[in-house]
């Protein structure tokens, strides 16, 4: 690996960053962090923990007292602040749209500063509005005060994206919005960051937002990093009581909201029968499976009496509970039950809710084309929790 | 005191107002921009302007006369313009400061964060946003100045004040009314014109 590769491996690198205000109070100290390309890192902590200051040091809205921040391997102290800021998107809680400019002009700000011409600006504004799902005809020539708070912040995000930034800095961007709008903007941002593989630093004080948005979460307290980790690690292995209380590790079910079905053991594929088969065929398949388990000494495995009914192409149509008193010749489609679709991308919470709501202890997991590729069960969720501990 | 034609009175009155208020605008608005984040300086300047405003206009002319007499311009247009220049400062300065200081800090923060230079922020963000307040100050100054300019007739500056003074001296109500009508019509006219200018400026930089 050449020196150049080593340098460009991380987009941002904080080295022993510290900030002391005039009164001698340490706002941030010993801050060390490396952020890779395409990563979303959330800074979180109680107010006054230094998260916003750290964010603002990144684009030199605050100067460092000591240490360095490297941006693409270059010390930001050596980069002209206005140039640095134009290569970083910036979204704040107060939105900060320019009230005397149209949405079009607001979004065009940074590309215009970078010297884009009229045609380029038109294209940029058009694509940014489309990305944020705002209709060009309806919104481009409106003024910010004519939009709702949620729409304004959509424009705020669009404006930050317009400069084609290498990293987007977001300082509690959804903090002032009502919960429903906040939720939809979070989903939107997740979609966009996946689409653009954008690097984002996101400051919040809301742990649910942090867990939802962050690939990694940096928990801060009194200007220091307490723990860095992905959401599930923080939930399952909090470094101390502060983190435990802060992330709410006691709430086991909350973890399931962030746990994907793919993360849980789902390899145990349930038995399948064809659409044209009868109830007897289902029971036969199931009994055979049970005998095999016993033979292999897997007596304690989940014995939920479910058999999948599949179409000719292998698509899951429904499930038959073989413990139910149907007559042997009942056609499969008349004794099967249809459950909510669970895929590998569903959350464990969705799977668990579906199991409880339908009074079953396992559910088939569907893969491509709706084919059953495995099953998630209460037992596998339980195993996951206790293995993680 | 010779009673010139109505047109002459209009011209000299208009000249005094436009020159003095124009000069005040040209100096005070940049001064306000400079002083907006200098609390001590802006307090001192505002204090000075407040002090000036407490001096009755006739007294101010009286104060200026002996000083300007050194250059042989103790009476006439020069002291009138200087006095009016001083009077028109306060509303404009105050409005400029208030307009520039009342800008939503998040707007400025995001402008800085987006990589605008200090100069770009001033001309593209701060001044356009403060413009309605600054224009309101300018209009107040112009209307007030038109009134005060009438009194400048006492020191031989001409204008509609000449009619008023002459009318009072001769107890001629009609002559007084001509002067008063002329001055107030001019005040209304100037305000209307400046209102038009404000509309055009707002149209160009957008509404809020």
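The values are calculated or read from the model by the stated rules, or taken from the named source; none is laboratory data. The structure displayed is predicted, hence computed values, not measured ones. Cβ: placed from backbone, ideal geometry, glycine included. Neighbour counts: every protein chain shown.
Going by the structure shown, is residue B:90 crowded, with 20+ Cβ neighbours inside 10 Å and within 13 Å of residue B:155 (Cα to Cα)?
no
Of all residues being touching a residue at least 24 places away in the same chain (Cβ under 8 Å) and more than 28 Å from the chain's Cα centre (by Cα) in region A:83-99, which is nearest to residue A:189 (Cα to Cα)? Just the residue, please.
Restricting to residues being touching a residue at least 24 places away in the same chain (Cβ under 8 Å) and more than 28 Å from the chain's Cα centre (by Cα), the top hit is A:98.
So is residue B:99 within 14 Å of another protein chain (Cβ to nearest Cβ) and either surrounded by fewer than 23 Cβ atoms within 10 Å (Cβ to Cβ) or farther than 30 Å from residue B:151 by Cα (or both) or not?
When the stated conditions are applied, residue B:99 passes them.
What is the one condition in (1) out of contact with any helix residue (DSSP H, G or I) (no Cβ under 8 Å at 6 or more places or on another chain); (2) crowded, with 16+ Cβ neighbours inside 10 Å that residue B:181 does not satisfy?
Of (1) out of contact with any helix residue (DSSP H, G or I) (no Cβ under 8 Å at 6 or more places or on another chain); (2) crowded, with 16+ Cβ neighbours inside 10 Å, only one is false for residue B:181: (2).
Looking only at region A:181-194, decide whether some residue is buried (at least 19 other Cβ atoms within 10 Å of the Cβ), over 19 Å from the mean Cα position of the chain (by Cα) and farther than 21 Å from residue A:12 by Cα.
No - not one qualifying residue is present in region A:181-194.
Testing residue A:177 on (1) within 13 Å of chain B (Cβ to nearest Cβ); (2) under 20 Å from the mean Cα position of the chain (by Cα); (3) modelled with pLDDT under 90, one condition comes back false. Which one is that?
Going through the list (1) within 13 Å of chain B (Cβ to nearest Cβ); (2) under 20 Å from the mean Cα position of the chain (by Cα); (3) modelled with pLDDT under 90, residue A:177 breaks only (1).
Please verify whether residue B:161 is within 20 Å of the chain's Cα centre (by Cα) and over 19 Å from residue B:46 (Cβ atoms), treating the condition exactly as stated.
Taking the combined requirement at face value, the residue satisfies it.
Any idea which residue in region A:64-78 is nearest to the other protein chains (Cβ to nearest Cβ), counting only those that are in contact (Cβ under 8 Å) with a residue 12 or more places away in the chain and not in a strand (DSSP E or B)?
A:76
Per-residue answers, yes or no, for (1) crowded, with 20+ Cβ neighbours inside 10 Å; (2) away from chain B (no Cβ under 11 Å); (3) assigned to a helix (DSSP H, G or I); (4) touching a helix residue (DSSP H, G or I) at 6+ places or on another chain (Cβ under 6 Å):
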{"position": "A:57", "(1), (2), (3), (4)": "yes, yes, yes, no"}
{"position": "A:60", "(1), (2), (3), (4)": "yes, no, no, yes"}
{"position": "A:89", "(1), (2), (3), (4)": "yes, no, no, yes"}
{"position": "A:95", "(1), (2), (3), (4)": "yes, no, no, yes"}
{"position": "A:106", "(1), (2), (3), (4)": "yes, no, yes, yes"}
{"position": "A:112", "(1), (2), (3), (4)": "no, no, yes, no"}
{"position": "A:115", "(1), (2), (3), (4)": "no, yes, no, no"}
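Within region A:370-386, does at least one residue satisfy the condition of being at negative phi and part of a loop (DSSP other than H, G, I, E, B)?
yes
How about region A:250-279: which of its residues are farther than 22 Å from residue A:378 by Cα and surrounded by 15 or more Cβ atoms within 10 Å (Cβ to Cβ)?
A:273, A:275, A:277, A:278, A:279
For region B:3-112, which helices (runs of 4 or more DSSP H) that fit wholly inside it have 3 or more residues that are under 25 Å from residue B:162 (Cβ atoms)?
Answer list for region B:3-112: B:6-35, B:57-69, B:77-101.
Go through A:196, A:235 for me and flag whichever is away from chain B (no Cβ under 14 Å), more than 25 Å from residue A:45 (Cβ to Cβ) and at pLDDT below 90.
Matching residue, one of A:196, A:235: A:196.
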